[in-house]
Amino acid sequence: MQDGKAISAAAFSVSDAILSRHSCRSFTAQPVAVAAIRQLLDTARFAPSGGNLQPWMVHVLSGTSMARFRAQLTPKFLANPFGGTAEYHVYPPDLTEPYRARRHKNGEDLYRLIGIQREDRAARHRQFAQNYNFFGAPVGMFFFLDRIMGPPQWSDLGMLIQNIMLLAREQGLETCPQESWAIWHKEVVEFLGVDSNLMLFCGLALGYGDTAAPINRLRTDRAAFDEFAVFHD
């Protein structure tokens, strides 16, 4: 049920949406209609949250606002992609196995696909910096939480973001969730005029994927079912 109305059978497969979703790192300039963005968020808001707190706040850049953001801030970010002060540790400082190996393989697979050698630090940094141009996407979203919230509410926000990413696939759109924005939280907050009580969790690039871009062929590995699922008799 949604707003008291029965929902008709879905015209697409949720499984297909999950399996076709990937972190798109090259977008076309084709604009996304504001009405389509509003529809995404209007449906995604039915994500579950503990106590129905709905602890999220979303700021959307597109069109004129995206152009202004890119003009004012993107050159600074591209020139010094690690120059900000992180709001939080995106990864634990001392990753143990198997997590460390998974993270390293992900990076190695990505850079190998686009012909960047491991020892070419400058090229790797240039590619990482593309996060701060939303990989060319016409739409960017920033997700915030009130600072009084804790880990359970971070989980709630994650479910909202997952809803958005899967709904995007229904519309033929691609996404890339970006925790890297935590590095530049001060600049983003100032640009958006966000209250200091709100913490920037991550960004999200949204648009039409460039199917010709080699980087978009990357599909990351997943652990086998029996590596993480335990059934008890």
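The values are calculated or read from the model by the stated rules, or taken from the named source; none is laboratory data. If you're wondering where the values come from, they're calculated on a predicted model, not measured in any experiment. All Cβ positions, glycine included, derive from the backbone under ideal geometry; neighbour counts span all protein chains shown.
Where helices (runs of 4 or more DSSP H) fall wholly inside the range 16-132, the ranges with 1 or more residues that are over 16 Å from PRO177 (Cβ atoms) and in contact with a Leu (Cβ under 6 Å, 6 or more places away or on another chain) are 34-44, 63-72, 99-113, 121-129. Considering (1) surrounded by 10 or more Cβ atoms within 10 Å (Cβ to Cβ); (2) in a loop (DSSP other than H, G, I, E, B); (3) free of Cβ contacts under 8 Å to residues at least 60 places away in the same chain, the lone condition that VAL230 does not fulfil carries the number (1).
This table checks each residue for (1) hydrophobic (A, V, I, L, M, F, W, C); (2) farther than 23 Å from PRO98 by Cβ; (3) at pLDDT 95 or above.
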residue: GLY158; (1), (2), (3): no, no, yes
residue: ARG169; (1), (2), (3): no, yes, yes
residue: TRP184; (1), (2), (3): yes, yes, yes
residue: PHE191; (1), (2), (3): yes, yes, yes
residue: GLY203; (1), (2), (3): no, yes, yes
residue: ALA212; (1), (2), (3): yes, yes, yes
residue: PHE225; (1), (2), (3): yes, no, no
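Of all positions in the range 80-91, at least one carries a residue that is closer than 30 Å to ALA223 by Cβ and without any contact (Cβ under 8 Å) to a residue 12 or more places away in the chain. Is it the case, given these coordinates, that ARG147 is in contact with a Lys or Arg (Cβ under 7 Å, 6 or more places away or on another chain) and under 24 Å from ALA47 (Cβ atoms)? So ARG147 does not fit the description; no. Here VAL90, VAL34 are screened, and the one residue that is surrounded by 12 or more Cβ atoms within 10 Å (Cβ to Cβ) and in contact with a Gly (Cβ under 8 Å, 6 or more places away or on another chain) is VAL34. Considering ILE183, ILE164, the condition of being in contact with a Leu (Cβ under 6 Å, 6 or more places away or on another chain) and crowded, with 20+ Cβ neighbours inside 10 Å is satisfied by ILE164 alone.
When you go through TYR88, TYR111 one by one, which is the residue that is of a type in the set (Ser, Thr, Tyr), closer than 22 Å to SER155 by Cα and in contact with a helix residue (DSSP H, G or I) (Cβ under 9 Å, 6 or more places away or on another chain)? Among TYR88, TYR111, only TYR88 is of a type in the set (Ser, Thr, Tyr), closer than 22 Å to SER155 by Cα and in contact with a helix residue (DSSP H, G or I) (Cβ under 9 Å, 6 or more places away or on another chain). Taken over the range 150-198, the criterion of being of a type in the set (Phe, Trp, Tyr) and under 25 Å from LEU78 (Cα atoms) is satisfied by TRP181, TRP184, PHE191. The requirement of being assigned to a strand (DSSP E or B) and under 12 Å from the mean Cα position of the chain (by Cα) is fulfilled somewhere in the range 143-165, by at least one residue. For a quick check of your reading of the model, give me the residue pairs whose first member lies in the range 149-169 and is at positive phi, whose second is part of a helix (DSSP H, G or I), with beta-carbon atoms closer than 8 Å and at least 6 apart or on different chains. Hits for this filter: zero, empty list. Residue selection: ALA67 satisfies the criterion of being under 13 Å from PHE134 (Cα atoms), loosely packed, with under 14 Cβ neighbours inside 10 Å and at pLDDT 95 or above.
Scan the range 170-194 for residues that are assigned to a helix (DSSP H, G or I), touching a His at 6+ places or on another chain (Cβ under 8 Å) and either of a type in the set (Asp, Glu) or without any contact (Cβ under 8 Å) to a residue 12 or more places away in the chain (or both) and the total you get is 0.
Residues checked against (1) more than 19 Å from the chain's Cα centre (by Cα); (2) surrounded by 15 or more Cβ atoms within 10 Å (Cβ to Cβ):
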residue	(1), (2)
LEU40	no, yes
MET57	no, yes
ALA71	yes, no
ALA79	yes, no
GLY83	yes, no
ARG100	yes, no
ARG103	no, no
